[in-house]
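Here the structure is laid out as structure tokens; the discussion comes afterwards.
The values are calculated or read from the model by the stated rules, or taken from the named source; none is laboratory data. All values derive from a computational prediction rather than experimental measurement. A quick note on method: Cβ atoms are made from the backbone with ideal geometry, for glycine too, and the neighbour counts reach across all protein chains shown.
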Amino acid sequence: MVSWLSSGDARAFKCLLALALMYGAMSYLAYTVIHTRHVRPLGSDAPPDRFSEARAIEHIRHLTVDIDGRQEGRPGLEEAARYIRGQLEAFADRAGPNYRVEIEETLVSGSFNMIFLRHSISVAYRSHKNVLMRISSNFSNDLDSSVLVNGHFDSPLGSPGAGDCGSCVASMLELARLIIDSNWIPPRPIIFLFNGAEELFLLGSHGFVKTHRWSNTIGAFINIEASGTGGLDLVCQSGPGSWPSHVYAQSAQYPMANSVAQDVFGIIPGDTDYRIFAEDYGDIPGLDIIFVLGGYFYHTSYDTLERLLPGSIQARGENLFRLIEAFASSSMVLNANERTLEVAANGAKTDRAVFFDYLSWFMIFYSRKVSVVLHGLPFVIFLLMPLFLRPSNFAMHSWFATFSDYFKGMLFHAIGVVLAIIIPVVFAVLRLLFSSHAMSWFAHPFLAFLMFVPSSLVGLLLPMTIWGFFPLSQDTSRLQVSKDALSDEARFWGAFGLYAVTTVVYLLAGLGGGFLTYLISISMLLAWFSFYLVSKHCGHLSLRSLAGYVVPLIPCLTYVAYYGGFLDQFLVEKMGMMGSLPQPYGYFAPDVIVATVIGLVTGWCVGPLVPVVGRWLARSSILKFLMQVTVIALALSSQFFPYSIDAPKRVVLQHTFITADANKIVDSSYEFSVVDANSLAFLFKHVPEAAKMLHISSEMSFEEGYHSDSSSWVALFPVSFLFSGSLKFPAQADDVSKHYRHMPHLSVREPVSVSTGLRRVHLELYLGSLEEIWVTVLNITGPLSNWSFADNRLPAPETISGGPPSYICRLSGRSHENWTFWLEANSSETLRVDVAVLDQYLLYNTQKLKNLFPSWADVTAFTTFLSSYSF
């Protein structure tokens, strides 16, 4: 009987199966590490000298379950501050005589300009509460350089904030207890800053840096954050200088850090207190450590205690305690005066090191100077290799012929990597052309891998199928080397050269990501020598020779699977909040981005094998099989709904009231927006109950009459720039007077003063009877030349909805008092002030509308009062 597969095809499928099993094992190992399956959480009965996740969980339970909301403007924020202080006082009461423990509550106020989400704004704040604890030896003095640990206890709109950032507060409380109960006397003071206004654009940390007497003593800081509900906490930013990351590399028990994170941090919407301490004001060396997995629940109502990944807080706590010990013992920790003298004597240290963890088992760290040598080495080897391989036949024409073949190999490998990206993108676009929704992989990440990895492999292997049509430049008869051996050599050194060149490009650009291609190129070098030795005895096409090449690459490929798998998972989760681009292109953006990144990661993971393994796999039968898998996966994906309770769709609902004075409602509307590619039309199609309440019929066109202008969302500026395709629907205002006796109102406080062509208007903002105000936003247009905010400095003007240039100022804190300020104009033209006040209370009908949405849609709802004034 004749087999339906030829011997070559059978061998190819066996090779493919073996590689699939190998990568499956690598992926499983990476998954367990990334999700902290290897970390054993300690219970509440753990010894007092050990960090306990269970004890930290109890703090989170109180902050998120017993307290109803920790947003600015709600009573829960003050309850949280009282709870934190009570816990700290309990720790202080049992501190031994060798400790000096100080606990303070401070109310911070201030005003400053900043760039947030690439937009210029001004912020003014008052009476935001910070809670601080300073633990030191009883021999310390107030000017000793200290180590700061910072985390915020306020939570975002509509979210219980278990991960962001109840987990941070709980970790800090357990660390404070641990320092005291373990009888470790820190050689430097340790300051815990529980700041109460991070979600309002980093106000608590700004208030501490600008007003607190301890701020000038800070010599190093650790900022704890969360953009998810767990996993290993990633060092996303480090500096100024490289020594904070060096301390981390030496001390972290479960390290997760790589220098490329800082290169790409700005791409993700958001920011952390790190910028206040290390960049904008303090210039203090430190680390930004963030939970990054579980991003499905970030800033949603599903950020609850049950969503926290087991082992995450245990790993974080053990890392942090070791970090605190290391920083406290470091001679590099200098207070503000000492840093100034150090910079004057030796200059500012702005060098950036290269570092990465290997599966959280250990860290590899080397300086920028060392990276110049290491990262340049593969390129030097690539240039010199013809001399080493052909010492007896070396001449200029021989070198040129060898390099021509190497360049051919480099070009073919580069084309393969590019096709590994392009082909998945093409399939992603084709799927969307015949699908009713985007992001089918969002709640089912395996679909993304199933759709895009096989098609990416096709792209990697395609150039190999036409390799033989392009002859080699070297003379096989003169070199007495077989054509197959020369082809393997050209493909290998071409691929090696591509990774070497890429490493040098990273180096010259000053980026930290070159370690990945450096690791690949060095590992390929070792694999090639192993392959060369084995193939001398077993031949180029034997299974042993293949194993001789693959096995030495396993440590490198395992790391790439870990690194790339984490990147893919993180990206898939974040696609639900990256913003919605205008249609029709916005519909394709998330699928194209995910396909691109998976194609790139596949190129990293499989690319090093292609020069040798490609000879086995570049067959039409393999390519047809991979294409069939891709087509089946594409068809299968259309049967999956993109959202679930474990991967909810983010929906923003704003009940907007336009007011004319303190008591008159001019208009009332419900306004909706989403922050991903599936539009509101998709949403209402699957939520007929809400559509019915809004009187949306199936024949209704959303293009006509229902567009919501971006100026209506100014209360969320600049986050509102993540929205597109927003819609508004009429709403009744009958029940507004039952809850709100008075509306926000802006009035002239003093007569207008005129001097040398300048006109100053003194204003007073009354916030009415609103009781849960989160923020008030002023949008000022006209000939504004100065104001009383931000030390009398204007931010750069912004443009909203194509209107005239405007200046944006956000006001927060103590809403029961009026705001008084002045605006100065340099001409007689009218100054226009639009006021938006965001209140977290929902009227009955608004709450009813919100409740109509299913569990797979997370609705952040609030009430906004808009009014306009001219002066």
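Restricting to the stretch 571-585, name every residue that is out of contact with any Phe, Trp or Tyr (no Cβ under 9 Å at 6 or more places or on another chain) and surrounded by fewer than 20 Cβ atoms within 10 Å (Cβ to Cβ).
Across the stretch 571-585, the qualifying residues are 578, 582, 583, 584, 585.
What single numbered condition from (1) part of a strand (DSSP E or B); (2) under 24 Å from the mean Cα position of the chain (by Cα); (3) under 28 Å from residue 860 (Cα atoms) fails to hold for residue 129?
Against the list (1) part of a strand (DSSP E or B); (2) under 24 Å from the mean Cα position of the chain (by Cα); (3) under 28 Å from residue 860 (Cα atoms), residue 129 comes up short only on (2).
Being within 27 Å of residue 576 (Cβ to Cβ), under 39 Å from the mean Cα position of the chain (by Cα), in contact (Cβ under 8 Å) with a residue 60 or more places away in the chain and assigned to a loop (DSSP other than H, G, I, E, B), is that true of even one residue in the stretch 689-707?
yes
For residue 271, are the conditions met, namely being in the same structural domain as residue 300 (by TED's automatic domain parsing) and not in a helix (DSSP H, G or I)?
Criteria met by residue 271.
Which condition number does residue 848 fail, the rest of (1) closer than 27 Å to residue 196 by Cβ; (2) basic (Lys, Arg); (3) not in a loop (DSSP other than H, G, I, E, B) being met?
Among (1) closer than 27 Å to residue 196 by Cβ; (2) basic (Lys, Arg); (3) not in a loop (DSSP other than H, G, I, E, B), residue 848 violates only (1).
Within the stretch 743-771, take every residue that is assigned to a loop (DSSP other than H, G, I, E, B) and within 44 Å of the chain's Cα centre (by Cα) and give me the one that is surrounded by the fewest Cβ atoms within 10 Å (Cβ to Cβ).
Among them, the one singled out is 769.
Exactly one condition in (1) closer than 23 Å to residue 633 by Cα; (2) at pLDDT below 95 is not met by residue 595; state its number.
(2)
So, in the stretch 305-329, exactly how many residues are farther than 16 Å from residue 53 by Cα and either within 21 Å of the chain's Cα centre (by Cα) or among the aromatic types (Phe, Trp, Tyr) (or both)?
1
Which condition breaks for residue 164 when tested against (1) touching a residue at least 12 places away in the same chain (Cβ under 8 Å); (2) part of a loop (DSSP other than H, G, I, E, B)?
All conditions pass for residue 164, except number (2).
Would you check which residues across the stretch 428-457 are more than 17 Å from residue 676 (Cβ to Cβ) and crowded, with 23+ Cβ neighbours inside 10 Å and list them?
Scanning the stretch 428-457 gives 451, 452, 453, 454, 455, 456, 457.
Under 9 Å between Cβ atoms, which residue pairs at least 6 apart in sequence (or on different chains) link something in the stretch 808-837 that is touching a residue at least 40 places away in the same chain (Cβ under 8 Å) with a partner that is among the polar types (S, T, N, Q) and in a loop (DSSP other than H, G, I, E, B)?
Qualifying pairs under 9 Å: 820/788; 821/788; 822/788; 823/788; 824/788; 837/815.
Quick one: in the stretch 86-134, of everything that is in contact with a Phe, Trp or Tyr (Cβ under 7 Å, 6 or more places away or on another chain) and hydroxyl-bearing (Ser, Thr, Tyr), which residue is surrounded by the fewest Cβ atoms within 10 Å (Cβ to Cβ)?
Going through the qualifying residues, I end up with 109.
Just for the stretch 820-838: of the residues that are farther than 23 Å from residue 772 by Cβ and acidic (Asp, Glu), which one is modelled with the lowest pLDDT?
The qualifying residue modelled with the lowest pLDDT is 829.
In the stretch 151-167, what residues are within 10 Å of residue 64 (Cα to Cα), hydrophobic (A, V, I, L, M, F, W, C) and more than 18 Å from the chain's Cα centre (by Cα)?
Matches in the stretch 151-167: none.
With the requirement that a residue be surrounded by fewer than 21 Cβ atoms within 10 Å (Cβ to Cβ) and either on the phi > 0 side of the Ramachandran plot or not in a helix (DSSP H, G or I) (or both), what does the stretch 235-264 give you?
Across the stretch 235-264, the qualifying residues are 240, 241, 253.
Here are 290, 313: which of them is within 23 Å of residue 198 (Cβ to Cβ) and outside any helix (DSSP H, G or I)?
Answer to the selection: 290.
Are there any pairs, at least 6 apart or on different chains, whose C-beta atoms fall under 9 Å, with the first in the stretch 768-794 and in the same structural domain as residue 109 (by TED's automatic domain parsing) and under 19 Å from residue 871 (Cα atoms) and the second assigned to a strand (DSSP E or B) and of a type in the set (Phe, Trp, Tyr), and if so, which?
none
What are the residue pairs meeting all of these: first residue in the stretch 528-539, first residue free of Cβ contacts under 8 Å to residues at least 12 places away in the same chain, second residue surrounded by 15 or more Cβ atoms within 10 Å (Cβ to Cβ), Cβ atoms under 6 Å, and 6 or more apart or on different chains?
Pairs that qualify, where the first residue is free of Cβ contacts under 8 Å to residues at least 12 places away in the same chain and the partner is surrounded by 15 or more Cβ atoms within 10 Å (Cβ to Cβ), are 538/545.
Out of (1) surrounded by fewer than 24 Cβ atoms within 10 Å (Cβ to Cβ); (2) at pLDDT 95 or above, what's the single condition that is false for residue 139?
(2)
Between 801, 711, 737, which is part of a helix (DSSP H, G or I), polar (S, T, N, Q), in contact with a Ser or Thr (Cβ under 9 Å, 6 or more places away or on another chain) and farther than 28 Å from residue 129 by Cβ?
Unique residue meeting the criteria: 711.
Test residue 232 against the criterion of being assigned by TED's automatic domain parsing to the domain that holds residue 121 and touching a Lys or Arg at 6+ places or on another chain (Cβ under 9 Å), and give yes or no.
yes
If residue 235 satisfies every condition in (1) in contact (Cβ under 8 Å) with a residue 60 or more places away in the chain; (2) closer than 13 Å to residue 323 by Cβ but one, which is the exception?
(1)
In the stretch 567-576, is there at least one residue being within 19 Å of residue 514 (Cβ to Cβ) and in the same structural domain as residue 410 (by TED's automatic domain parsing)?
Taking every residue of the stretch 567-576 in turn, at least one turns out to be within 19 Å of residue 514 (Cβ to Cβ) and in the same structural domain as residue 410 (by TED's automatic domain parsing).
Quick one: is residue 734 among the acidic types (Asp, Glu), free of Cβ contacts under 8 Å to residues at least 40 places away in the same chain and outside the structural domain of residue 126 (by TED's automatic domain parsing)?
yes
Could you list all residues from the stretch 261-283 that are in contact with a strand residue (DSSP E or B) (Cβ under 8 Å, 6 or more places away or on another chain) and under 18 Å from residue 353 (Cβ atoms)?
Answer for the stretch 261-283, where residues must be in contact with a strand residue (DSSP E or B) (Cβ under 8 Å, 6 or more places away or on another chain) and under 18 Å from residue 353 (Cβ atoms): 261, 262, 265, 274, 278.
Quick grid of which residues meet (1) crowded, with 21+ Cβ neighbours inside 10 Å; (2) within 28 Å of the chain's Cα centre (by Cα); (3) in a helix (DSSP H, G or I):
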residue	(1), (2), (3)
36	yes, yes, no
44	no, no, no
51	yes, yes, no
58	no, yes, yes
62	no, yes, yes
70	yes, yes, no
78	no, no, yes
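Collect the residues in the stretch 327-386 that are assigned to a loop (DSSP other than H, G, I, E, B) and either aliphatic (A, V, I, L, M) or at pLDDT below 90 (or both), keeping them in residue-number order.
Matches in the stretch 327-386: 332, 333, 334, 347, 348, 349, 350, 351, 352, 353, 359.
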